[in-house]
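Shown next, in structure tokens, is the structure this report addresses.
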Protein chains: 2
Amino acid sequence: MSSTEDLDYPKTILQYNSGFLVSKVIFTACELGVFDLLLESGEPLSSDAIATRLGTSTTGMERLLDACVGLKLLAVELTQEGALYRNTEISNIYLTKSSPKSQYHIIMYYSNTVYLCWHYLADAVREGKNQYERAFGISSKDPFGAMYRSEEEMLKFMAGQNSVWSICGRDVLAAFDLSSFTQIYDLGGDFFNDSIPEAELYILSKILHDWDDDKCRQLLAKVYNACKPGGGVLLVESLLNEDKSGPLETQLYSMNMLVQTEGKERTAAEYSKLLEAAGFGEIQVKRTGKLYDAVLGRK
Amino acid sequence: MSSTEDLDYPKTILQYNSGFLVSKVIFTACELGVFDLLLESGEPLSSDAIATRLGTSTTGMERLLDACVGLKLLAVELTQEGALYRNTEISNIYLTKSSPKSQYHIIMYYSNTVYLCWHYLADAVREGKNQYERAFGISSKDPFGAMYRSEEEMLKFMAGQNSVWSICGRDVLAAFDLSSFTQIYDLGGDFFNDSIPEAELYILSKILHDWDDDKCRQLLAKVYNACKPGGGVLLVESLLNEDKSGPLETQLYSMNMLVQTEGKERTAAEYSKLLEAAGFGEIQVKRTGKLYDAVLGRK
């Protein structure tokens, strides 16, 4: 962003305003199966052929494909038979259902659930609480009840989490030397009510950001009690900078925690304080530069 | 976008996915009056003070302000009394209600109307028609009936159009030497049914993009008949590249025409063809590099 340029013409603001158009174009092309069809077909296809095979209007499909060209998710070649479209490499890798790094499931979750919750962002800021009630008519007192409101919804959410893990998991697990821990427990399920088994290393992946400080302290104390001496806890979270400057993605996710949960994103210092309050020490922090960072504490 | 980088980690796709979060942050900060308050206060304020004066939760407001810092719409200073926020210069110019270049009204229209219509983009592509029915329970056969469904809605839409004109109007009017035209008619109102008065120059600003080719030809023929010999017509529209490569904003607006109207964005060649079919000649095209371009035809 060149700010002098922007004072004369607000290019950056116009881009921000169009952000939701961009999101919905990629979400819709995924949902309608454009990238899957173009991967399977093995050859470039016309907008008419794509519309016919996916059962959509031609006028809508042509525009969707052209917007995907503008976003470099598709490439187009103008031939004597008209325009022919094919996937770009990033679309093959990340936007087809069958790819091991597919982001399809998280995209569907964003498109069908998160997008509608965010329509009520102003209400969320006014009230300081999540917007499941306005978006889906579901009580906002139980965010996980809302997320897991049906088995289908739960599976969609879980599959979405796996999409993210497929691109961020390696960096998080490589952040520290964990080779000394042989007994590892990946925390999940109804951990506030169920007992937590003894282990050497507990992984809390995107768990604390769902809860307020009181519940985080309560959960970490329970983990500390179960943990073997010399063991530890690995937090997988997106870390805010201490000086409030960013990262932007994490600031946006913190707003999403407002819209969808009882939690928030935190700084490394805030997580360290929560860990220390539960008894953990020798705290190490590793920023990965990707979506998720890592914090390790030891008993 | 570095595509090699993106093959390893889909930074660009993640940005696209977060586009709607960015849009709703700027929309919500405008709606709640954050930029207006910070302009009026004349001094940086804490998140607590802003929340109190705007009647919102503190937990929501703090996160909204921090996300605006990440977007460079606000600046933050960490003081002994805590974090203090102030507007950046682009926010003062474009995001406060009182500024002559304020984008406030178009932003409110985007946030409250367009955002919700776009939730149904996949349906729009499937059906090839606008989504007023799903979004607002209003028949999709009469898009302007839907846009103007109340005087309040109409005024909001009109004010939004003025916001855009305040940043693009000068370039469009400077595109050609229009000094020879003394009698100018800015087409608006119920122009398919009302008669069009005689004039030397007709301005059709963002009118043809609302309609299909048949209706465009019908309207241009009516304008041609009313036009004085030697007169002309100035189209103000966002032009697509002939090779389908972009501009991205125009491709996105063309999708918006699908979601909200009966029309689409067109290339310069397509507008020239429509003008020629109505009898206009000596067609000149001027791209401004901003949101709206200009096409001039003469009788």
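I'd like to check something: does segment A:248-265 contain any residue that is under 27 Å from B:THR79 (Cα atoms), more than 11 Å from chain B (Cβ to nearest Cβ) and modelled with pLDDT of 95 or more? No, segment A:248-265 has no match at all. Of all the numbered requirements in (1) under 30 Å from B:ASP6 (Cβ atoms); (2) open to solvent by 80 Å² or more (accessible area, probe 1.4 Å), A:ASN193 misses one, and that requirement is (1).
Residues in segment B:1-54 that are under 25 Å from the mean Cα position of the chain (by Cα) and of a type outside the set (A, V, I, L, M, F, W, C): B:THR12, B:GLN15, B:TYR16, B:ASN17, B:SER18, B:GLY19, B:SER23, B:LYS24, B:THR28, B:GLU31, B:GLY33, B:ASP36.
May I ask you to verify whether B:TYR120 is of a type in the set (Ser, Thr, Tyr), more than 7 Å from chain A (Cβ to nearest Cβ) and open to solvent by less than 60 Å² (accessible area, probe 1.4 Å)?
Details: of a type in the set (Ser, Thr, Tyr): yes; more than 7 Å from chain A (Cβ to nearest Cβ): yes; open to solvent by less than 60 Å² (accessible area, probe 1.4 Å): yes.
When the stated conditions are applied, B:TYR120 passes them.
Residues A:ILE26, A:ILE13: which one is under 18 Å from B:LEU248 (Cβ atoms), within 7 Å of chain B (Cβ to nearest Cβ) and free of Cβ contacts under 8 Å to residues at least 60 places away in the same chain? So the residue among A:ILE26, A:ILE13 that is under 18 Å from B:LEU248 (Cβ atoms), within 7 Å of chain B (Cβ to nearest Cβ) and free of Cβ contacts under 8 Å to residues at least 60 places away in the same chain is A:ILE13. Just wondering, is there one or more residues in segment B:213-233 that are without any contact (Cβ under 8 Å) to a residue 24 or more places away in the chain and within 12 Å of chain A (Cβ to nearest Cβ)? So far as segment B:213-233 goes, no, none of its residues is without any contact (Cβ under 8 Å) to a residue 24 or more places away in the chain and within 12 Å of chain A (Cβ to nearest Cβ).
Of all residues in segment B:141-155, how many are exposed (fewer than 13 other Cβ atoms within 10 Å of the Cβ), over 20 Å from B:ASP212 (Cβ atoms) and not polar (S, T, N, Q)? Give the derivation first.
In the first step, residues of segment B:141-155 are kept if they are exposed (fewer than 13 other Cβ atoms within 10 Å of the Cβ); the result is B:141, B:145, B:150-152, B:155.
Checking the rest, the ones that are also over 20 Å from B:ASP212 (Cβ atoms) come to B:150-152, B:155.
Those left that are additionally not polar (S, T, N, Q): B:151-152, B:155.
Number satisfying all stated conditions: 3.
Could you tell me whether A:VAL69 is outside the structural domain of A:VAL164 (by TED's automatic domain parsing) and in contact (Cβ under 8 Å) with a residue 12 or more places away in the chain? Criteria met by A:VAL69.
Within segment B:27-39, can you find the residues that are touching a Ser or Thr at 6+ places or on another chain (Cβ under 9 Å) and either more than 16 Å from A:ASN17 (Cα to Cα) or open to solvent by less than 10 Å² (accessible area, probe 1.4 Å) (or both)?
Narrowing segment B:27-39 to residues touching a Ser or Thr at 6+ places or on another chain (Cβ under 9 Å): B:27-32, B:34-36, B:38-39.
Within segment B:27-39, B:PHE27, B:THR28, B:ALA29, B:CYS30, B:LEU32, B:VAL34, B:PHE35, B:ASP36, B:LEU38, B:LEU39 meet the criteria.
Within segment A:243-272, being acidic (Asp, Glu), open to solvent by 20 Å² or more (accessible area, probe 1.4 Å) and part of a loop (DSSP other than H, G, I, E, B) holds for A:ASP243, A:GLU262. The residue that is nearest to A:LYS129 (Cα to Cα), among those in segment B:40-52 that are exposed (fewer than 15 other Cβ atoms within 10 Å of the Cβ) and either in contact with a Pro (Cβ under 6 Å, 6 or more places away or on another chain) or not hydroxyl-bearing (Ser, Thr, Tyr) (or both), is B:ASP48. Taken together, A:ILE93, A:ILE106 contain a single residue that is at pLDDT below 95, in contact with a helix residue (DSSP H, G or I) (Cβ under 7 Å, 6 or more places away or on another chain), within 8 Å of chain B (Cβ to nearest Cβ) and within 19 Å of B:GLN15 (Cβ to Cβ), which is A:ILE106. Looking only at residues in segment B:57-77 that are of a type in the set (S, T, N, Q) and within 7 Å of chain A (Cβ to nearest Cβ), the one that is least open to solvent (accessible area, probe 1.4 Å) is B:SER57.
Residues of segment A:65-83 that are acidic (Asp, Glu) and either touching a strand residue (DSSP E or B) at 6+ places or on another chain (Cβ under 6 Å) or in a helix (DSSP H, G or I) (or both): A:ASP66, A:GLU77.
Look at segment B:221-242 and say how many of its residues are more than 13 Å from B:GLY281 (Cα to Cα), in contact with a strand residue (DSSP E or B) (Cβ under 6 Å, 6 or more places away or on another chain) and either open to solvent by less than 50 Å² (accessible area, probe 1.4 Å) or in a loop (DSSP other than H, G, I, E, B) (or both). Matching residues across segment B:221-242 total 6.
Say whether the condition of being facing chain B (nearest Cβ under 9 Å) and in contact with a Ser or Thr (Cβ under 9 Å, 6 or more places away or on another chain) is met by at least one residue in segment A:128-145.
Filtering segment A:128-145 for residues facing chain B (nearest Cβ under 9 Å) gives A:128-129.
Now restrict to residues that are in contact with a Ser or Thr (Cβ under 9 Å, 6 or more places away or on another chain): A:128-129.
Scanning segment A:128-145, I find at least one residue that is facing chain B (nearest Cβ under 9 Å) and in contact with a Ser or Thr (Cβ under 9 Å, 6 or more places away or on another chain), so the answer is yes.
The values are calculated or read from the model by the stated rules, or taken from the named source; none is laboratory data. Here the structure is a predicted model, which is why all the values come from computation and not from measurement. When we count neighbours, we look across all protein chains shown, and the Cβ atoms used for this are built from the backbone with ideal geometry, even at glycine. The protein model used for the area step is the full one, side chains on, heavy atoms only, and it has no ligands, DNA or RNA in it. Shrake-Rupley method; radii C 1.70, N 1.55, O 1.52, S 1.80 Å.
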